[in-house]
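The values are calculated or read from the model by the stated rules, or taken from the named source; none is laboratory data. These figures come from a predicted structure and were not determined experimentally. Ideal geometry is used to build each Cβ from the backbone, glycine not excepted, and the neighbour counts take in all protein chains shown. Surface areas here come from the heavy atoms of the whole protein model, side chains and all, with no ligands, DNA or RNA. Shrake-Rupley method; radii C 1.70, N 1.55, O 1.52, S 1.80 Å.
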Amino acid sequence: MVIDENITTVVRPLWPTEETSEGSQELFPRKLTDPAELGREVGSVLRLPEGPTLDPTQIDIERSDDETMIINMGPQHPSTHGVLRLMLELDGEVVLRTKPIIGYLHTGMEKQAEALSFIQGSTNVTRMDYLAPLHNELVFSLATEALLGVEMPRRATYIRMLMTELNRISSHLMWMATNGMDVGSTSMMIYGFREREMILSFFEKTTGLRMNHNYIRPGGVAADLPDGWEDDVEVICNTVEARSYEYDDLLTGQAIFRDRMVGIGNLTAEEALALSVTGPLLRSTGVPWDLRRTMPYLAFDEVDFDVIVGTYGDNFDRYSIRLNEIRESVKIVRQLLANMPSGDYRVQDRKVTPPPRGRIDSSMEALIHHFKVFTEGFAVPEGEVYVAIESPRGELGCYLASDGGPKPYRMHIRGPSFVNLQALPLLMRGGLLADAVTVISSVDPVMGEVDR
Amino acid sequence: MGLEDLPHNFLTGQLEDLVKWARKSSMWPATFGLACCAIEMMSSGAADFDLARFGMEVFRNSPRQADLMIVAGRVSQKMAPVLRQVYDQMMEPKWVIAMGVCASTGGMFNNYAVVQGVDQIVPVDVYAPGCPPTPETLMHAILTLHEKVRTGEITRRRGVEPAVVFDAAPWVPEVPSAVRVSRPS
Amino acid sequence: MTTENPTIEAFEGFATVASPGVAAVAFIPREHYKSVVAALKADAFEMASDVCGVDYLIAGARTLPEGVKPERFEVVTSLLSMSRRIRVRIRVQLPDADPTVDSLFDLYPGTEAMERETFDLVGIRFAGHPDLSRILLPEEWEGHPLRKDYGIGGVPVQFKSTPGPR
Ligand code: SF4
């Protein structure tokens, strides 16, 4: 890349200057940006080294700063889905560069996990992705159980599947609602919340809380399903399925909605793979990758469902994928309803399972055991493991290292939204500022999981 | 002309009461959704819980147009300056509800990243406990605040008052006398 | 997840162990890290699903295979092959004095954010990373919180009464 000698490029401090931080989190005017970095950002933090967009001759480094404008969006902005902050370089209405700046919800959960025992751990992780809390608990529990080497009873596995699928429905409904709000369809927002409330009240009945349940724990689930759960689930399935066709009527064919969704925010399969993007974002590009199908966990190989893929990788594909995944999840839930096995809802392993409530009142032994499990926790054999599941947003992974103690030595969560956000600059590039909102919405980031 | 000449649909009262009633009845919250609690805040505005019953469904996106900040979620060290800035941009009179244990005290995240209670940054009027507080809890907090506004003083300075006042006890804040409007006796 | 254990050619000559859910866990010296990953990429590992760092300063027990010298830091990279439907994991030992390893950015651009996060929280440097700045913490933050010599930073819980009359 040849730069005119006369243009003074003030290179901002690059690696390595100080101990604490190099470079900068923010977006800078072209004059202040190191050419290589600018190249990457115009190729648009796309950061695909071989991508066609990175052809240096295409990059207009000499575009003067008077023609463009850098604006800041967020972190307190109604349509950034939480506390995402974006810095955008605009030429009129067209977005040239984007840089997502995150960390405004950094909660130190990975550090906190090291101070909590394995049995307390799911209380912590459930607060990451607060739209799909049960998935977080599930991945943490699966990782712990992989280290412990315990085998789940079939009923526990099925209850977990049931709850996580219902959670997927509620998460996607929430997405439909907020997406509706972002494109200006307030009725969709009201409807989405209405249906979600139904699922939440079932969750409340089962787990005691509307969100952040701490229901799926290492060793099984916290409690059995309540009496009469079949009826509740049946009603949920029927209602959500019927209403999903109403959403179809409301949105799918509607001209304004289509205008805002079709052909906006395009992504190709190669770009998606290179950027490690997963979930509906990856499937919208036509890659049929759903961990429930391709690398089954729990008992997803025993149920029948379709993996929904898109063709063009645009916003509309992502909308259809989520709408249809709601229907597929209903299908799975119906099968689970018909085939729910009887048996234990947690492993009968003295080491990990606290004694049942009834025995505590009668036996001193049981009381001491119960006390020990909850205060000290249980020791988990030394080792490390990575477990991944398909959350509503993509591959949710948990890397767990234990040194043989009752607390995780290191817990790391691979948040799908965290990785998916990297695609944002690419999706926005060349689009209109007005579409930026729908693009953010279609990526569906949950900041709790991005920042952890 | 005496009062007897006026029509009958007429009320007399203290101007102060009227102002307080008006403030209480049209409180506009600013959206300050941060984490899980924000979702519950949105649910309270949606169909099932319907915050519109209290004249509060209009969540303003601009702090300039809002007089109530509901801090819904955990405030990280990186977010703290932003929070303060948004608060400073709000017009007086303004109130703050700390929603959830994270906003109130830091909650279960007693670590390097989370501010241990927003009351370290902005004065808080009502704390709503819970993780997350259910929409009912949030509504209770809002009604408590309404009560506080209705029975409190109209010109009390921010930051020198106790956090929760239910009954207007004869408690005189230490503020310069110049800014106090003397009550009609 | 796969029944038979497929052989990973790129790992030949390096110490490997088994672990649930992955085809193999390999211990690669950092000089070979990038070339091994490049070989894996050529071997149909399309996606880098995770990069994270671990600080083994105070670990109680830690078993490493023969011939692997334990160091304080470890970078753990998970790769996924979609066509073969297997995962592999690479653990690279990094000394305390110079925790630097090659960046995978050229091979998998998607590791950009993950490496930045690892730098931010654990303080491992990635040579060749385009923009190694803090990502989650404020820019002027000092220290790397996920290191074991960095305290959790909690404050003692105090219970105080409400000021003033109620
Ligand atoms: S109080 Fe609970 S629900 Fe609210 S932000 Fe904190 S962790 Fe989330």
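Look through the stretch B:12-50, keep the residues that are within 16 Å of the ligand (Cβ to nearest atom), in contact (Cβ under 8 Å) with a residue 24 or more places away in the chain and part of a helix (DSSP H, G or I), and return whichever of them is farthest from the other protein chains (Cβ to nearest Cβ).
Once the filter is applied, the top-ranked residue is B:41.
Of all residues being part of a loop (DSSP other than H, G, I, E, B) and away from the ligand (no atom under 16 Å from the Cβ) in the stretch A:416-452, which is farthest from the other protein chains (Cβ to nearest Cβ)? Just the residue, please.
In this case the residue turns out to be A:431.
Mind telling me which of the residues C:154, C:128, C:60 ends up being surrounded by fewer than 22 Cβ atoms within 10 Å (Cβ to Cβ), within 20 Å of residue B:77 (Cα to Cα), out of contact with any helix residue (DSSP H, G or I) (no Cβ under 7 Å at 6 or more places or on another chain) and not basic (Lys, Arg)?
C:154
Write out, first by first residue and then by second, each pair whose Cβ atoms fall under 8 Å of each other, whose residues are 6+ apart or on separate chains, and whose first residue, in the stretch C:1-17, is open to solvent by less than 80 Å² (accessible area, probe 1.4 Å) and modelled with pLDDT under 75 while the second is part of a loop (DSSP other than H, G, I, E, B) and not polar (S, T, N, Q).
Listed by first residue and then by second, the contacts come to C:2/C:85; C:6/C:84.
Does at least one position in the stretch B:53-63 carry a residue that is part of a helix (DSSP H, G or I) and within 13 Å of another protein chain (Cβ to nearest Cβ)?
yes
Which of the residues belonging to the stretch B:121-137 are within 12 Å of the ligand (Cβ to nearest atom) and either closer than 24 Å to residue B:62 by Cβ or open to solvent by 30 Å² or more (accessible area, probe 1.4 Å) (or both)?
B:127, B:128, B:129, B:131, B:134, B:137
Among the residues that make up the stretch B:87-103, is at least one of them within 16 Å of the ligand (Cβ to nearest atom), polar (S, T, N, Q) and touching a residue at least 24 places away in the same chain (Cβ under 8 Å)?
Within the stretch B:87-103, not a single residue is within 16 Å of the ligand (Cβ to nearest atom), polar (S, T, N, Q) and touching a residue at least 24 places away in the same chain (Cβ under 8 Å).
Go through C:31, C:66 for me and flag whichever is open to solvent by 10 Å² or more (accessible area, probe 1.4 Å) and assigned to a loop (DSSP other than H, G, I, E, B).
It is C:66.
The conditions are (1) without any contact (Cβ under 8 Å) to a residue 12 or more places away in the chain; (2) within 16 Å of the ligand (Cβ to nearest atom); (3) not hydroxyl-bearing (Ser, Thr, Tyr), and residue B:118 fails exactly one of them. Which is it?
Exception for residue B:118: condition (1).
Can you name the number of the only condition in (1) modelled with pLDDT of 65 or more; (2) in contact with a helix residue (DSSP H, G or I) (Cβ under 8 Å, 6 or more places away or on another chain); (3) under 30 Å from residue B:31 (Cα atoms) that residue A:116 fails?
Among (1) modelled with pLDDT of 65 or more; (2) in contact with a helix residue (DSSP H, G or I) (Cβ under 8 Å, 6 or more places away or on another chain); (3) under 30 Å from residue B:31 (Cα atoms), the lone unmet condition for residue A:116 is (3).
Among A:127, A:160, which is the only one that is closer than 29 Å to residue B:107 by Cα and either within 16 Å of the ligand (Cβ to nearest atom) or surrounded by fewer than 22 Cβ atoms within 10 Å (Cβ to Cβ) (or both)?
A:127
Determine which single condition residue A:166 fails, assuming it passes every other condition in (1) among the hydrophobic types (A, V, I, L, M, F, W, C); (2) within 13 Å of another protein chain (Cβ to nearest Cβ); (3) surrounded by 24 or more Cβ atoms within 10 Å (Cβ to Cβ); (4) away from the ligand (no atom under 16 Å from the Cβ).
(2)
Within the stretch B:67-80, can one find any residue that is more than 16 Å from the ligand (Cβ to nearest atom), open to solvent by 10 Å² or more (accessible area, probe 1.4 Å) and away from chain C (no Cβ under 14 Å)?
yes
Name the pairs: first residue in the stretch A:323-343 and in contact (Cβ under 8 Å) with a residue 40 or more places away in the chain, second residue open to solvent by 50 Å² or more (accessible area, probe 1.4 Å) and in a helix (DSSP H, G or I), Cβ to Cβ under 7 Å, at least 6 apart or on different chains?
A:327/A:241; A:330/A:241; A:337/A:230; A:337/A:234; A:341/A:154; A:343/A:154
Residues to consider are A:294, A:285, A:252; find the one that is in contact with a Gly (Cβ under 6 Å, 6 or more places away or on another chain) and either of a type outside the set (Phe, Trp, Tyr) or buried (at least 21 other Cβ atoms within 10 Å of the Cβ) (or both).
Only one candidate qualifies: A:285.
Is there any pair with a first residue in the stretch A:282-296 that is more than 12 Å from chain C (Cβ to nearest Cβ) and touching a residue at least 60 places away in the same chain (Cβ under 8 Å) and a second that is charged (D, E, K, R) and open to solvent by 10 Å² or more (accessible area, probe 1.4 Å) whose Cβ atoms are under 9 Å apart and which are 6 or more apart or on different chains, and what are they?
Final answer for the pair search is A:292/A:301.
Taking the stretch A:82-105 on its own, how many of its residues are open to solvent by 10 Å² or more (accessible area, probe 1.4 Å) and closer than 18 Å to residue B:116 by Cβ?
Residues that pass the stated criteria total 1.
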